Amino acid sequence: MTRKVLILGASGRFGRACAHAFEQAGAEVTRFDRKRDNLMQSAQGKDVIVAAWNPAYPDWAAQVPDLHAKIIAAAKASGATVIVPGNVYVFGASTPSPWSERSPHRAENPLGRIRIAMENAYRTSGVRTIVLRAGDFLDTEQSGNWFDAVMTAKLAKGRFVYPGNPDLQHAWAFLPDLARAAVALAARGDELPVYLDVPFPGYTLTGRELFAAVNESLNKPVALKGMSWWPLRLAAPVWPLGRCLLEMRYLWNTAHRLDGSVLRNLLPDFQETPLAEAISRALPAAYVKKRLDQDLRSRRLVGA
């Protein structure tokens, strides 16, 4: 079992979930404080570094290369394994689905190219690295992701707002499951390749399927509505984040799923949370018919 874990970005989605999952598994977890702590010093003696720092989109070009260069240097000095929360940005609209560890990284947009360069830095570093790649998150907290900030933000007005073509497949991951997978992979230690790309299959759902699953959990059904992108277009010239969101719009109009073969081979006993339970836990409690047992997953063995 992994003994000592350093979490970079513990207040973010993936960092928070991993901190909880590693603690549940009995690891000694250190949450890095960027205002107070020194990365080189904090990494010493750690078995795992969770690289969950995630600047705002407009800051990626300026900050991502430097942040991950520092993580790589700290991991080289300490001998720690780095767990990187990968995403689907590297593939681009022209990459045939399903997306796997063998799929070419064909993204041509700026944010996708930044991610490609960042992953290449780990691949060529010699640092033991696990890239755990997932689609969009279903989170147990309101964390500003697409599901809570856009899709379910207008449930009180009777609307589920979908930002893309509702008939196309889209990749989703329940964040507590993703974190459990990170713990289980870290426990494999030196058995794994030095660089490992692990797509996390999660749930592959069309917009209509996701909408139906949400309605099944709601105490009052809502209607499916398309998201209007024109306010972002209007604001983009003066709003850098709006430009970045428009840049990534293609993912909502590109059918895709993640191939889970590597994960199944490495963790054959890993069980994901049933979709109905994940949706129930991701929705605001006030709208849910019956909140499913939130302690159910934490009582199961990590990786089970």
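Quick notes
Rundown of residues vs (1) free of Cβ contacts under 8 Å to residues at least 60 places away in the same chain; (2) closer than 23 Å to PHE174 by Cβ, yes/no style:
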{"position": "VAL5", "(1), (2)": "no, yes"}
{"position": "SER11", "(1), (2)": "yes, yes"}
{"position": "GLU23", "(1), (2)": "yes, yes"}
{"position": "ALA80", "(1), (2)": "no, no"}
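- Residue match in the range 28-37 (condition: part of a helix (DSSP H, G or I) and either in contact (Cβ under 8 Å) with a residue 24 or more places away in the chain or surrounded by 14 or more Cβ atoms within 10 Å (Cβ to Cβ) (or both)): no
- Filter result for VAL214 (among the aliphatic types (A, V, I, L, M) and under 21 Å from THR140 (Cβ atoms)): yes
- When residues in the range 240-275 are screened for being out of contact with any Pro (no Cβ under 9 Å at 6 or more places or on another chain) and of a type in the set (Phe, Trp, Tyr), 2 of them pass.
- In the range 120-149, the residues that are polar (S, T, N, Q) reach residues that are part of a loop (DSSP other than H, G, I, E, B) with C-beta atoms within less than 9 angstrom, at least six apart or across chains, in these pairs: ASN120/HIS105; THR129/VAL194; THR140/GLN294; GLN142/PRO284; SER143/GLY12; ASN145/ASP139.
- Test: SER228 is of a type in the set (Gly, Ala, Ser), touching a residue at least 60 places away in the same chain (Cβ under 8 Å) and within 23 Å of GLN169 (Cβ to Cβ): no
- Residue that is on the phi > 0 side of the Ramachandran plot, within 20 Å of the chain's Cα centre (by Cα) and of a type outside the set (Lys, Arg), where the choices are GLY135, GLY144: GLY144
- Some residue of the range 202-216 being of a type in the set (S, T, N, Q) and either within 25 Å of ILE49 (Cβ to Cβ) or surrounded by fewer than 16 Cβ atoms within 10 Å (Cβ to Cβ) (or both): yes
- A single member of ALA179, ALA156 is closer than 29 Å to LEU6 by Cα and either of a type in the set (D, E, K, R) or at pLDDT 95 or above (or both), and it is ALA179.
- The criterion of at least 2 residues that are of a type in the set (Gly, Ala, Ser) is met by the following strands (runs of 3 or more DSSP E) wholly inside the range 195-290: 223-226.
- Residues in the range 64-97 that are of a type in the set (A, V, I, L, M, F, W, C), modelled with pLDDT of 95 or more and in a loop (DSSP other than H, G, I, E, B) were compared, and the one that is nearest to ARG257 (Cα to Cα) is VAL88.
- Restricting ARG113, ARG133, ARG102 to those that are touching an Asp or Glu at 6+ places or on another chain (Cβ under 7 Å), at pLDDT 95 or above and of a type outside the set (Asp, Glu) reduces the list to ARG133.
The values are calculated or read from the model by the stated rules, or taken from the named source; none is laboratory data. If you're wondering where the values come from, they're calculated on a predicted model, not measured in any experiment. All Cβ positions, glycine included, derive from the backbone under ideal geometry; neighbour counts span all protein chains shown.
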